[in-house]
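Since the structure comes first, as structure tokens, the remarks are kept for the end.
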Amino acid sequence: MDFKQKIEQIKKDKKPQTITPRELLNGLNCYKRTSRNCAYIDNFLEENQLEVSPNYTDVWIDSPIEIRHKEIAKTKIPKDPIKRVQILEAANKIPKYVNNDDSLRKAITIMQMNKFSQLPVTNNRERGIIGYISWETICEARFNGVQSDNVKDYIKKEIQVIEPDTPLLDAMKVIYEHDFAVVIGKDKSLQGIITTADIASEFLLNTMPFLLLEEIEKSIRVLFNGEFLLEDIKKICDNAEKEINSIDDLSFGHYQRIIETPGFWDKLKIYTDKKILTERLEAIRKIRNEIMHFTPDSIDEEAIGLLIDTSKYLATLIKYKYQEV
């Protein structure tokens, strides 16, 4: 049953349906949880007297959520302002693990083959987490004379357990202190494992766009530096929200306006096509606006590539503009 069919079924029998945030987005041709798309989706839900639980912005994009008719809803679910563990992909992928009666050879093979530092150990398949085995626990046991080939003789029972709804910032403290933590559902089943590498990757994806945008803005300001009179800039940007006393007070919109103002382009003395550069800055401005709304989905690879290419290109313009002749 596709998304449209599920909506029709809800309207017909008032019974809730299970979907995922990705299914909700794709069904409305949105694909990403951007601020504009979320506003469109919220409006669609409101117009059709529907709501979702948990909110589609508060969970991982492929997690199951319930969409239902408002008439039978017990409460109106508010958006959760706190980022929680469940939004991470690693928290929603059942990791490889071993049972306590498995062989040490099996555990080592899995860790070597997948470049893992540790493995959860259970006594009941995906349930019954009793600890973990790692290169450290193996070495420690061997140092103390253990020669067994049984996983149970190399287990460390002090394993860090967190739940899917644990605030991400709280989970980070645990993970950085202990290198990893396993995610356990309400039914005590193993749902994921989060390592310091996962946290680092998550923050890289979230911080890289900001760093690239900072590089782009600084490059534009360097290109503008000393080329225009302050009073002329103030006239062009007369509707600015704050007083402009230097190049540093300009926004992306101002950059574009200055470039497009007759007579100003030639003062920049840069060897590039004005139209193409202006279009690229407009694309960067849109990406910037999206990033500043802190959408729950990382921006796509195409946008990241655009930021990287633009930053490098502007650096090249600066190099040739100010190179010694």
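Every read-out reported here was derived from the displayed coordinates using simple, explicitly stated rules and does not represent laboratory data. These numbers come from a predicted model, not from an experiment. FYI the Cβ positions are ideal-geometry reconstructions off the backbone, even for glycines, and counts take in every protein chain you see.
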Could you name the lysines in cross-link range of LYS234, using Cα to Cα under 17 Å and dropping any fewer than eight places away on the same chain? LYS242, LYS267
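Using helices alone, what [θ] at 222 nm do you get for the chain, with -39,500 (n - 2.57) per DSSP H run of 4 or more residues, divided over all residues and rounded to the nearest 500? Mind showing how you got there, number by number?
Working: 12 runs with 151 residues, N = 325.
Mean residue ellipticity, 222 nm, calculated: -14500 deg cm²/dmol.
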For the chain, longest principal axis from Cα atoms; helix 168-178 axis from its Cα atoms; angle between them, nearest 10 degrees, is 60 degrees
Measure up LYS235/LYS312; LYS156/LYS188; LYS12/LYS186; LYS235/LYS286 against 22 Å on the Cα-Cα distance and list the ones that go over. LYS235/LYS312; LYS12/LYS186; LYS235/LYS286
Using only the alpha-carbon atoms, how far is helix 301-322 inclined from the longest principal axis of the chain? Give it as 0 to 90 degrees, nearest 10. 40 degrees
Could you name the lysines whose alpha carbon sits less than 23 Å from that of LYS11, not counting residues in the same chain fewer than 8 places away? LYS70, LYS74, LYS76
For the Cα atoms of the chain, what angle does the longest principal axis make with the long axis of helix 35-47, in degrees from 0 to 90, nearest 10? 70 degrees
In nm, to one decimal, how far is the ARG105 label point from the SER246 one, both placed 7 Å along Cα→Cβ? 6.9 nm
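Classify the chain as rounded, prolate or oblate, taking a ≥ b ≥ c as the square roots of the eigenvalues of its Cα gyration tensor: rounded when a/c is under 1.5, otherwise prolate if a/b is larger than b/c and oblate if not.
oblate
What ranking do MET292, MET111, MET208 get, fewest neighbouring Cβ atoms within 10 angstrom at the top?
On the way: MET292 12, MET111 19, MET208 15.
Fewest-to-most ranking of MET292, MET111, MET208: MET292, MET208, MET111.
Got a sec? How would ASP309, ASP102 order by Cβ neighbour count within 10 Å, fewest to most?
Ranking ASP309, ASP102 by Cβ neighbours within 10 Å, fewest first, gives ASP309, ASP102.
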Based on the inverse mean of 1/r over its pairs of different Cα atoms, what is the Kirkwood hydrodynamic radius of the range 109-249, in Å? 19.7 Å
